[in-house]
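Only one structure is covered here, and it is reproduced in the block below.
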Amino acid sequence: MISTVVNKRRGRPSGPSNTRERILAAARDRFEHGGYAHTSLRSIAAQADVDHSLITYYFGSKEGLFRAVAELALSPAQGFDLVAARVPPEHLAQALLRSALSAWDRPGYRDGLARLFADALTSEAALRVLREYLHTEMIGRLTEHIGGADAGRRAATAATLFSGLFLTRYLLQLEPVASLPADDVVAQLTPALRSALAPRGLS
């Protein structure tokens, strides 16, 4: 088979029209068997029999490829980046909660994320992929953003709060959390998240 290549002049791929689907199929297989952290774009490209630059062309990055595999319109990491870029530190906790609830309240997005969690509960491979993805793309990003002493611990604590909120409000639909207006959830949880993100002694 002749590998698909990128048309350097126009920046568009030439070759078989199923290139994107082959990349997605290879990525699903590589993520499942190798995990997120240890799967490289080159290994996915080799399995899909395409030039690795095509993955960047279609998906932008490894994180973007994972988002496509998981069928998420907006990944948690993208949501964090959008908020962190425009919100001052003192308002970060509240803004992150509002952003998460806004995304999770959209059925299409919520369903995609719910599938990830459901798969992780029934498949060791899916659990490893989700765990590595969250550790690399979410906790890692947040750790770098907040900085300072114990940043990794504080970021992991924040991730625990978000995971628990998604589980109780959307998967288990535990009352009264499931029916609370988003503004009430933000008001209730902002102090806890702000405390989790603050350096020890400043919360």
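Only one entry of R169, R128 meets the criterion of being in contact with a Gly (Cβ under 9 Å, 6 or more places away or on another chain) and either surrounded by fewer than 15 Cβ atoms within 10 Å (Cβ to Cβ) or among the charged types (D, E, K, R) (or both), and that entry is R128. Where residues in region 129-152 are charged (D, E, K, R) and part of a helix (DSSP H, G or I), which of them is nearest to A37 (Cα to Cα)? Of everything passing the filter in region 129-152, E132 is nearest to A37 (Cα to Cα). Per the listing L121, L82, the residue uniquely in a helix (DSSP H, G or I), within 17 Å of S163 (Cα to Cα) and not hydroxyl-bearing (S, T, Y) is L121. Of all the residues in region 153-199, those that are within 23 Å of T136 (Cα to Cα) and not in a helix (DSSP H, G or I) number 2. When region 84-94 is filtered for residues that are within 16 Å of M138 (Cα to Cα) and surrounded by fewer than 18 Cβ atoms within 10 Å (Cβ to Cβ), only A85 remains.
Values quoted throughout were computed directly from the atomic coordinates according to the rules given, and no laboratory measurement underlies them. Not measured: the values here are computed from a predicted model. Because the Cβ atoms are built from the backbone with ideal geometry, glycine has one as well, and the counts that use them run over all protein chains shown.
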